[in-house]
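What follows is a set of notes on a single structure, which appears directly below.
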Ligand SMILES: Nc1nc2c(ncn2[C@@H]2O[C@H](COP(=O)(O)OP(=O)(O)OP(=O)(O)O)[C@@H](O)[C@H]2O)c(=O)[nH]1
Ligand SMILES: [Mg+2]
């Protein structure tokens, strides 16, 4: 049964806007075939077979374009409704004229962002995690993001969460039967056995959550911050990594004031690198300045705290490594000494990677090290799928709390209520449990035409 009664026929440009070889307009809803027949003056469309036909303006009787059209009858279509795709020549004029005509057809209107996929969800063509994966696949910029989105679209998360819901549902049915009709032969009832199962499930959920947030990191991009003393070469490094001039480089210490970001693809992993203001603690206390550098340093330190990985960059031409940067060393840092091309330069820190951003010396090695750390941080190895959104994680944590509470419940009735709440929390992830505001939030982030 459909999750909601949908009446309107929606249309939108499904391909990227602007000049292109081909642009695809998608129409979904009960009147989509009727409008195709009216605009093409043909009635012989075969399901899922392409037909080349002129589309004629219904009022001016001029041809808008010769289009390749496809008709996908519901319910076996993307949205679950009748869908028509118009493959047009990709000019603004054609697309605008075609959309203008389509929205004037009876019952037609422009689609809202994500509305096609929302209808697919409402017509049970996919669950919420698969719908989210559609958006992730469209946004995927690297190979690992593509693979994660595809796995999720194929039901990797749904299978796991539906399996857990089903386990809870069986346990609950058992417990409720026991509450209604207690078994005289078993004085302690079904509760101990059920709680044992729910403890096992809690352990499974905990293990799934204990994943270093790799699914979310992969979806959003791994945050790498470059930190170091003024003039160490941080801005030079971000420019070299991004292969373009994103940040200003100069020999004036304190050039970079704000955080500057660049999106990179390192061996298929999405990375957001940030260049930061040089760390010069005395500047924070200094008076008589405009305070801009101090604010920049404050932001740099904030970035250091939020980063998944830190590149701590030292200037090899100075005698002592910068103590303030040394202070930031932890498990999530990679030590790099720069300016090794300079005759005065030495690798002032044992174990650090000696590079010259200026000549490019050892930059491939630095990328290799970075790649290795990224693999450790986000690679899925043989483990199952990971939650990819904070909302998944929060719902699972809530389910876990409920299971722990059930374990401590004094009465079977109270344990049953906690198991029910755990099941609801998991059901919210896949959309089994409806929540209109949640749907609005999820589909708002989609592009129009998807
Ligand atoms: N010899 C040499 N000079 C370098 C190298 N990398 C950067 N520099 C120079 O060092 C100076 C400072 O470089 P930046 O990249 O602006 O340094 P920064 O760390 O961003 O400095 P702030 O923004 O002030 O914190 C510039 O004159 C660069 O040309 C290198 O590998 N070798
Ligand atoms: Mg700089």
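Derivation of every value follows stated rules applied to the coordinates shown; laboratory data play no part. Just so it is clear, the model here is predicted, and its values are computed rather than measured. Backbone-built Cβ (ideal geometry, glycine too); neighbour counts: all protein chains shown.
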Which residues, counting only those in the stretch 311-330, are without any contact (Cβ under 8 Å) to a residue 24 or more places away in the chain and not in a loop (DSSP other than H, G, I, E, B)?
323, 326
Assuming residue 120 fulfils every condition listed in (1) farther than 24 Å from residue 29 by Cα; (2) crowded, with 19+ Cβ neighbours inside 10 Å; (3) touching a residue at least 24 places away in the same chain (Cβ under 8 Å) apart from one, which condition is it?
(1)
Note on the stretch 225-270: residues farther than 19 Å from residue 325 by Cβ, assigned to a helix (DSSP H, G or I) and within 11 Å of ligand 2 (Cβ to nearest atom) are 239
Scan the stretch 188-195 and tell me whether some residue there is in contact with a helix residue (DSSP H, G or I) (Cβ under 7 Å, 6 or more places away or on another chain), more than 11 Å from ligand 1 (Cβ to nearest atom), closer than 30 Å to residue 354 by Cα and not in a strand (DSSP E or B).
no
Working carefully through the options 159, 125, find the one that is assigned to a helix (DSSP H, G or I) and out of contact with any helix residue (DSSP H, G or I) (no Cβ under 6 Å at 6 or more places or on another chain).
159
Within the stretch 315-329, restricting to residues that are crowded, with 18+ Cβ neighbours inside 10 Å and under 17 Å from residue 297 (Cα atoms), the one that is farthest from ligand 2 (Cβ to nearest atom) is 328
